[in-house]
1. For region 226-304 and region 173-220, write down the distance between their C-alpha centroids in whole Å.
2. Placing +1 at every Lys and Arg Cβ and -1 at every Asp and Glu Cβ, with all other atoms neutral, what dipole size does region 195-272 have around its Cα centre, in debye to the nearest 20?
3. What helices does the chain have that are whole DSSP H segments, at least 20 Å long along their own axis by Cα, and with mean Kyte-Doolittle hydropathy of 1.6 or more?
4. So how far apart, in nm, are the two label points at residue 212 and residue 147 if each is 7 Å from Cα heading toward Cβ?
5. Mind checking Rg over Rh on region 277-374, alpha carbons, Kirkwood formula for Rh?
6. Let me know the shape class of the chain, please: from the alpha-carbon gyration tensor, a ≥ b ≥ c as square roots of the eigenvalues, rounded when a/c is under 1.5, otherwise prolate if a/b is greater than b/c, or oblate.
7. Could you pull out the pairs from 29/61; 93/123; 29/196 whose alpha carbons sit more than 19 Å apart here?
8. Which trypsin sites (Lys or Arg not before Pro) does region 29-118 hold that lie in a coil by DSSP with at most 13 other beta carbons within 10 Å?
Amino acid sequence: MAANALRKEDAPARTATSDTLVQFCGVKKTYDGETLIVKNLDLDIRRGEFLTLLGPSGSGKTTCLMMLAGFEFPTGGEIRLDGQLLNRVPPHKRNIGMVFQNYALFPHMTIAQNVAYPLSVRKMDRAAREAKVKQALDMVQMGKFGDRYPTQLSGGQQQRVALARTLVFDPQLVLMDEPLGALDKQLREHMQLELKALHRRLGVTFVYVTHDQSEALTMSDRVAVFDQGVIQQLAPVTDLYEYPENEFVANFIGDNNRFKGSVDSVQGEHCSVRLADGTRLNGINVHRAHAGQSVTACARPERIQLATSGDAQHLRARIAGLIYFGDHVRVRCAVAGQDDCFVKLSLSDPALAGLAEGSEVGLHVAPQYLRCFL
């Protein structure tokens, strides 16, 4: 495929609603003319939302962000911002702010000068520039640090300055490329809460790229899960976690237990799955598998309970370990013919009292919490 090939059918027309700020229509990206890094991407980004592009390395999420920022151009399809076609618009003419992982602050400039830089490029007069800089620094609680230099600040403070520099020229859209990746765990978690609070206060549209699912779940209104250049699922965080549409999303978002088997029977939206040891589990037939087809049944650790003998969803297991997490205990269970299964129990759960490594237990998964995928 030629790198500059763009046919009409590559970008099917879609009508943007009034709350749509960004549209990707049939967008493709290849660097070598053969392998597509992004494949026929259709994505609408709403005004004022916090959207996270989540996925493993090489999934296409960062390439999408770079195309939206203007540092890469699409091979095919269209990208629009508020109705304007962006395909060949240079970055500085897009009215888009960008925050990078390495902050990209000028070490020879003071904090105030760094934040003022985008306004200087736009030829804003000095008085207006100083007022905007003060407002932006106050917004991220860095108003007292204007005379300092980047090397005199902590990583978290530098990240706030980078965000202030992005917001100072009132962009329509703020893009963030793994901006918290260089911070330690405690500071990263603190900055997640700060970013979300700032987003709610300002109402600016944020598009955030990360491979860290905890960041995505903490901050986002919606998450687009990428794999192999395709959005596997786009949904609010609760839907992604509770109702994954395929096994990749179930595995990538949160902890997931998998049970391999084949469909024994189908009853409406549900199916019965027979495991290798003959156990039958009832769950939601997400992909409408037919009797005899191989499926993977998935359940979250907190949705599995210790069962009593004879339960219809009884799954026999042996306790392989107890892992203390402070606010809960994870019970590692060995199940015949399957990968180890993990059960999450609160510290107050009475079932913990009699548990010991090596003992036999029964596990119960209610049908509404077991999702079966082809």
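1. For region 226-304 versus region 173-220, the Cα centre distance is 29 Å.
2. Values: 6 positive and 11 negative charges, 77 e Å.
The dipole of region 195-272 has a size of about 380 debye.
3. Span-like helices, by this rule, are absent here.
4. 3.4
5. 0.98
6. On the way: a/c = 3.01, a/b = 1.65, b/c = 1.83.
Because a/c hits 1.5 or more and a/b fails to exceed b/c, the chain counts as oblate.
7. 29/196
8. Details: sites: 29, 39, 46, 47, 61, 80, 88, 93, 94; in loops: 47, 88, 94.
For trypsin sites (Lys or Arg not before Pro) across region 29-118 that sit outside H, G, I, E and B with at most 13 neighbouring Cβ atoms in 10 Å, the list reads 88.
The values are calculated or read from the model by the stated rules, or taken from the named source; none is laboratory data. Computed from a predicted structure; not experimentally measured. Please note: Cβ atoms are built from the backbone with ideal geometry, for glycine as well, and neighbour counts cover all protein chains shown. The area values use the complete protein model at the heavy-atom level, side chains included, leaving out ligands, DNA and RNA. Shrake-Rupley method; radii C 1.70, N 1.55, O 1.52, S 1.80 Å.
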